[in-house]
1. State whether the residues of the stretch 112-120 include one that is hydroxyl-bearing (S, T, Y) and either open to solvent by 70 Å² or more (accessible area, probe 1.4 Å) or closer than 23 Å to A350 by Cα (or both).
2. For residues in the stretch 68-92 being over 28 Å from the mean Cα position of the chain (by Cα), assigned to a loop (DSSP other than H, G, I, E, B) and free of Cβ contacts under 8 Å to residues at least 60 places away in the same chain, which is surrounded by the most Cβ atoms within 10 Å (Cβ to Cβ)?
3. Assess whether G268 counts as being buried (at least 23 other Cβ atoms within 10 Å of the Cβ), within 19 Å of R20 (Cα to Cα) and within 19 Å of the chain's Cα centre (by Cα).
4. Restricting attention to helices (runs of 4 or more DSSP H) lying wholly within the stretch 278-358, give those where 2 or more residues are more than 23 Å from P245 (Cα to Cα) and among the charged types (D, E, K, R).
5. Filter the stretch 240-263 down to residues that are open to solvent by 10 Å² or more (accessible area, probe 1.4 Å) and β-branched (V, I, T) and give me whichever is nearest to Q315 (Cα to Cα).
6. Quick one: which of L26, L18 is open to solvent by less than 10 Å² (accessible area, probe 1.4 Å), hydrophobic (A, V, I, L, M, F, W, C) and modelled with pLDDT of 95 or more?
Amino acid sequence: MRKMLFVYNYPSGGVETLARQRSMALAPYKIKFDLLYSSTGPGLQNITNEAAFVITDPSERQKMVMEGNYEAIIVCSTYTDLEVIRNYGYTGILIYEIQGLGSIPEAKVFLQQLAKPYIDLYADAILTPQTPHLITITNREFPNKRKYHFHNGINTIQFTYTNPEKEPDPIIGWVGRIEPHKNWREFIQIYLHLVPNNPRLMAWFFLDSTIFLPADMKEFKELLETNPSLKNCQIFYNIPHEQMPTYYSRIASSGGFLCSTTITEGFGYALLEAMCCLCPILTTNSDGISSFAFHNRTGQIYQQGDIQKAVLEGQNLLHNERHRKLITQRAVHYVKEHFSLQKYANKFLAMITELKRI
């Protein structure tokens, strides 16, 4: 059994999803992934087959790294861990992974001014999804560093339409954190513009109860409590990942859609998951989604801030049944063809094989 380690700070969101999907993809090749976090988080409830550790004590982390017999270690975002792990004495493959660093300007500053010296000195390679701005920035900042850019994978057997009973009212969903980058205010504007023509329209918010900007959360809750037009909004906190196919399928059966208003997306796992469950998607042109969201083919895309366009696209999804069926069938076919765990495993194993030859 070959062993590898994934190091990240907080088990939540798309990165936590990726860690488990990657583990599933590589398990048939007798590769075991351990997951090392520095704090607890709601994503721990999703981890069943992987060995997950929350360790803050430096000596305990060193013991784990040096006694784990890891062929490769992947560090995501927390660039200082690259130096720490090398200083432990680890001499194996060390990869720096980037899945999302906020807006494009934030990503540039993060990589140029903060992470660059650590990546240059300690990482053997950089790994990102096929996200245009991440590819552009890493190519410019790290011209001599080995870089790998390939699609994340998803288990389309686990994420599939569950054929629930039809919901009585249409539902639009939103998955994210209550903070400016996820652009939750824009989603509420879209919803409020859709309600006059769809008075029974529901809005479901799927939130992480532990990560939010306090001022934003206060404003968000006050809006829901005081605006009569938001009476049909419902909040779901920390839903276990294995239950999300049911929720996406319920949104799909209602005639609704999943909406993403993120300013810049590193990848966009929630949208990919919804597509697997025949749930239509409406999303900003947030860069990371360009790998799988194609306007009028696999989803609907609008320019961030263009509420009128978003509402028109939303109305089309709510009322044009023929279009809904066409794009959802195309979407699930596209995901199965391009984002399978098998394809991910092939790319990942080719990367490790190449790095071992260095």
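1. Going through the stretch 112-120, the residues hydroxyl-bearing (S, T, Y) turn out to be 118.
Remaining after also requiring either open to solvent by 70 Å² or more (accessible area, probe 1.4 Å) or closer than 23 Å to A350 by Cα (or both): none.
No, the stretch 112-120 contains no residue that is hydroxyl-bearing (S, T, Y) and either open to solvent by 70 Å² or more (accessible area, probe 1.4 Å) or closer than 23 Å to A350 by Cα (or both).
2. Going through the qualifying residues, I end up with Y90.
3. yes
4. Working: elements: 307-319, 321-338, 341-356.
Per the criteria, 307-319, 341-356.
5. In this case the residue turns out to be I263.
6. Result: L26 is the single residue among L26, L18 that is open to solvent by less than 10 Å² (accessible area, probe 1.4 Å), hydrophobic (A, V, I, L, M, F, W, C) and modelled with pLDDT of 95 or more.
To keep it simple, each residue is scored yes or no on (1) surrounded by fewer than 19 Cβ atoms within 10 Å (Cβ to Cβ); (2) closer than 25 Å to L312 by Cβ.
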position: R185; (1), (2): yes, yes
position: H193; (1), (2): yes, yes
position: P196; (1), (2): yes, yes
position: R200; (1), (2): yes, yes
position: W204; (1), (2): no, yes
position: P214; (1), (2): yes, no
position: E219; (1), (2): yes, no
position: N227; (1), (2): yes, yes
position: N238; (1), (2): yes, no
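Yes or no, residue by residue, for (1) in a helix (DSSP H, G or I); (2) within 26 Å of A107 (Cα to Cα); (3) out of contact with any Ser or Thr (no Cβ under 8 Å at 6 or more places or on another chain):
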| site | (1), (2), (3) |
| --- | --- |
| K218 | yes, no, yes |
| L223 | yes, no, yes |
| M244 | yes, no, yes |
| Y248 | yes, no, yes |
| C259 | no, yes, no |
| I263 | no, yes, no |
| A270 | yes, yes, no |
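The values are calculated or read from the model by the stated rules, or taken from the named source; none is laboratory data. The structure displayed is predicted, hence computed values, not measured ones. All Cβ positions, even for glycine, are placed from backbone atoms using ideal geometry, and neighbour counts span all protein chains on display. Heads up: the accessible areas ignore ligands, DNA and RNA and are worked out on the full protein's heavy atoms, side chains in. Shrake-Rupley method; radii C 1.70, N 1.55, O 1.52, S 1.80 Å.
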